[in-house]
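Notes for the one structure printed next.
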Amino acid sequence: MAFFQGQTQDIMEKEEARRRIEKLREKIKELNYQYFVLDESQVEESVRDSLKKELKELETEFPEFITPDSPTQRVGSALSGRFAKIPHISKKWSLQDVFNRDELQDWIERIEKYLPDTKIGFIGELKIDGLNLTLHYKAGGLERAITRGDGVMGEDVTHTARTIESIPLTLTEPVDLEVSGEVFMTKTAFEKLNKEMIAQDEEPFANVRNAAAGTVRQLNPEVAASRNLEAFMYELGANTLEHQPVSQSETLRTFQRLGLRINPTHEVLHTAKEIVTYRSGFEEKRDQLNYEIDGIVIKVDDKTLWPRLGFTAKAPRYAVAFKFPALQSTSQILDIQVQVGRTGTLTPVAHLKPTEVAGVTVTRATLHNEDEIARKDVRIGDTVIIQRAGDVIPEVVEVLKDLRTGHEKLFHFPEVCPVCGSSVERKEGEVAYRCINLECFAQKSERLFHFVARDAMNIDGLGPKVIIQLLENEMINDPSDFYSLTQEDLISLPLFKEKKTENILRSIENSKHTTLDRFIYALGIRYLGEQGSSELAQYILGKEGHPKQYSIKQLINFIENLTIDELNNLEGIGEKVATSLYDYFQNKKHLEMIKKLAGHSIEIIIETPKKVTPILGKSFVLTGTLATMSRNEAKDRIKSLGGKVLSAVTHDTDFLVVGKDPGSKVKKATELGVKVLEEKEFLSMLE
């Protein structure tokens, strides 16, 4: 009986895989048509890559479902029919994608197997986000410009290619030449074009690739000429050169000699480590370039080895595209569960099939609230586009409804708290449901996690697992109880040893010396973030005449005399935050807890008056990883010198500090004209 059950399961899995493969093929064909033919992209290219990767994995597992017209077996797409079709002299191939060092190493090892006992060198070139174009020169004169099309036939766009100043109409030598490269639009030209289109009530382009493709395929060459396209050449086809370049690096030098423009950033590389370093360097600098790149292209430099390596069904074996981590990707929603935050807010979270987004494996993504789920029509089982919001928190951007099978399930928001079973409420004008029980285990534990966090009281060793142990053993109930813990309490817990216990008790003791803004932030008041806590602390100390000493008892006295009008008039504190602050301080339980904290000799450190520095009064946003200090250390340094630290780039931001692996904040800063600081410049300001 078990045998037949297993056989039925296998059949079901195969049938499910077949349906999924068919759905993926149709969706990818649709996206390819938009990308290659209509010159439109409704989604990021990384989304298309993600779907192609899933399709390839399924076809590898179930090869019986591979068909000749699968997107994994073809190059490009059908032609639009608007322009004359021209055959390519040399077939145009796609490149295999690799996304991490392991995949790169696999590619290198495959080459080494094909070429045993051969010393292999590589060349790295930037992968420009534009439109592939092939040029035909006859006796040194530009005769034809052809789009990539389906790799065998392209479309004649000579009339617009002739308007691109970086494409020479005449070479420096009278040779016949087939050469391919990338036509692109600079970020500056793209911004200018979109502003003009908006001013004329026209739909702006979604991205630079669409803008470049749409311009090349303009019927009116005068329009194309006004948009200032540029081009880099990188691939040599059929030619009558007297001396044939024997390497890709020599090919690029030959192009320069002939008057063809190349990208000067290419580099000869020898090892996987050098390739990764080359890629990482440009991943850090990509936002400083005036054109978009989405990775690098790595080729075996010695062209005499290319014929020996040959081709797969769709790609050359001698080259790969080593792409940057995708800012967006696709995944499947396995389940939707609701988590409860420290203020009682119920947040629906999608549990995902693991996928990589911006270099991080993502298994969960926020769905924000009930209204967002309804607006996006998100269902359990859906294939969705994921991105990392604000560089950190993954979120569901869009549902790919074309990939639905009919087995997806609607999600119904719970009517009671999933943790404590208490009633939930949604106040008028708010989008979130909240658990009304302040003693809810989830709220209590989240409040305690927040209290000990680095940006708050900074108590090392008290992670979520330890705090839950303490709660379950009834050793703590509110934040003040941390300061009553003894060695006997902690050593009695599972896996606790003397050294670990001593470290935690020392960290608790050290946290008694803190600043007023950190203490206020640690209370976990709804809507009050780090910056708001800093603004409130500065106001309180200013009202007290900037004392040299301050205590929590003095803070309690201040709180008890605080009015809602005073909070509403406080600069930097909005009406919603002011109301939340007032409600928090009016709650007797909250005041009792603060009074209990005062009884544990917590000392408020008063910082010395700020010196006049380039940082005083300026607002900063941090993105990426700094080499010389942690993000929290950088925040503390900025604050100690009188600066402000914001979480998002806005018109009020003065500087964006950029570390390794920066996110979308760099693009936002560029759009708003916010000055971007490299780490060296930032350190110079600190000094």
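The values are calculated or read from the model by the stated rules, or taken from the named source; none is laboratory data. Model, not experiment: these values are computed from the prediction. When we count neighbours, we look across all protein chains shown, and the Cβ atoms used for this are built from the backbone with ideal geometry, even at glycine.
Across the range 415-434, the qualifying residues are those that are part of a loop (DSSP other than H, G, I, E, B) and in contact with a Phe, Trp or Tyr (Cβ under 8 Å, 6 or more places away or on another chain), and the one among them that is nearest to V378 (Cα to Cα) is Y433. Of the helices (runs of 4 or more DSSP H) contained entirely in the range 469-584, those carrying at least 1 residues that are more than 24 Å from G642 (Cβ to Cβ) fall at 487-491, 498-510, 552-560, 564-568.
Please find, within the range 495-530, the residue that is modelled with the lowest pLDDT out of those that are of a type in the set (A, V, I, L, M) and within 13 Å of H450 (Cα to Cα). The residue in question is L528. Counting only helices (runs of 4 or more DSSP H) that sit wholly inside the range 159-264, those with at least 1 residues that are over 35 Å from the mean Cα position of the chain (by Cα) and surrounded by fewer than 14 Cβ atoms within 10 Å (Cβ to Cβ) are 221-226, 248-258. When each of S664, S647, S684, S630 is tested for being hydroxyl-bearing (S, T, Y) and farther than 27 Å from F282 by Cβ, the lone residue that passes is S647. When L523, L541 are checked against the criterion of being over 18 Å from M593 (Cα atoms), touching a residue at least 12 places away in the same chain (Cβ under 8 Å) and either among the aliphatic types (A, V, I, L, M) or outside the structural domain of Q487 (by TED's automatic domain parsing) (or both), a single residue qualifies: L541. Selection over the range 297-318 of residues that are in a strand (DSSP E or B), at pLDDT below 95 and closer than 21 Å to V268 by Cβ gives a count of 1.
Could you tell me whether any residue of the range 106-115 is touching a strand residue (DSSP E or B) at 6+ places or on another chain (Cβ under 6 Å) and either surrounded by fewer than 21 Cβ atoms within 10 Å (Cβ to Cβ) or of a type in the set (D, E) (or both)?
Within the range 106-115, one or more residues are touching a strand residue (DSSP E or B) at 6+ places or on another chain (Cβ under 6 Å) and either surrounded by fewer than 21 Cβ atoms within 10 Å (Cβ to Cβ) or of a type in the set (D, E) (or both).
If I120 passes every condition in (1) under 18 Å from G295 (Cα atoms); (2) modelled with pLDDT of 90 or more; (3) in contact with a strand residue (DSSP E or B) (Cβ under 8 Å, 6 or more places away or on another chain) but one, which one does it miss? (1) is the only condition that I120 fails. Of all the residues in the range 109-158, those that are aromatic (F, W, Y) and assigned to a strand (DSSP E or B) number 2. Residues that are in a strand (DSSP E or B) and out of contact with any Leu (no Cβ under 8 Å at 6 or more places or on another chain) were ranked within the range 319-342; the one that is farthest from E439 (Cα to Cα) is K323.
Scanning the range 440-468 for residues that are assigned to a helix (DSSP H, G or I), assigned by TED's automatic domain parsing to the domain that holds S492 and within 29 Å of the chain's Cα centre (by Cα) gives P464, K465. Is it the case that the range 509-520 has a residue that's touching a strand residue (DSSP E or B) at 6+ places or on another chain (Cβ under 6 Å) and hydrophobic (A, V, I, L, M, F, W, C)? Yes, that holds for at least one residue. Here I86 passes the criteria (1) at pLDDT below 90; (2) closer than 28 Å to I21 by Cα except the one numbered (2).
Suppose the filter is in the same structural domain as I520 (by TED's automatic domain parsing), part of a helix (DSSP H, G or I), under 21 Å from Q538 (Cα atoms) and of a type outside the set (S, T, Y); does D636 pass it? No: the conditions fail for D636. Can you name every residue in the range 265-279 that is part of a helix (DSSP H, G or I) and either closer than 16 Å to I120 by Cβ or in contact (Cβ under 8 Å) with a residue 12 or more places away in the chain (or both)? A272, K273, E274, I275, V276, Y278, R279, listed by residue number. The residue that is modelled with the lowest pLDDT, among those in the range 646-679 that are assigned to a loop (DSSP other than H, G, I, E, B) and of a type in the set (D, E, K, R), is D661.
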